[in-house]
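In what follows, a single structure is set out as structure tokens and then discussed.
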Amino acid sequence: MTTGEKIEANANLVKWCVHILGPDDVMAAPSHDAAVAHAHELNKLLHRGARRSDDVLCFAYAAPWPHDLNSHEAAVKDWLHD
């Protein structure tokens with residue numbers, strides 16, 4: 001097992017989500033790696049155009065799931081269907 005694989009395995013001891021700062025929304029993610037990748041893709045979409053000084057700060061990042069474990073399991077099913 002590589003160091004990167006060990007780090008991901010350790011990270012996945014926690015339940016993950018993509019937190020979108022601005023609207024303050026969270027989307028459950030099946031893994032840390034999936035959360036990081038999805039946040040990166042969302043940020044590319046969010047910041048395609050030039051930012052204006054009056055724009056609302058909005059960006060996505062991987063974060064630990066802030067709710068109970070049962071709600072994470074149910075929300076991940078939505079992730080897999082989208």
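Derivation of every value follows stated rules applied to the coordinates shown; laboratory data play no part. Just so it is clear, the structure is predicted and the values come from calculations on it, not from any experiment. All Cβ positions, glycine included, derive from the backbone under ideal geometry; neighbour counts span all protein chains shown.
Please give the calculated 222 nm ellipticity per residue for the chain, where each DSSP H segment of at least 4 residues contributes -39500 (n - 2.57) and the sum is spread over every residue; nearest 500 deg cm²/dmol? Estimated from H runs of four or more residues: -14000 deg cm²/dmol.
Which residues make up the longest stretch of the chain that has no trypsin sites (Lys or Arg not before Pro) in a DSSP loop with at most 11 other Cβ atoms within 10 Å? Between exposed loop sites, the widest span is 1-47.
When the chain is described by a simple charge dipole with +1 on each Lys and Arg Cβ and -1 on each Asp and Glu Cβ, the residue from 12, 27, 62 located farthest towards its positive end is 62.
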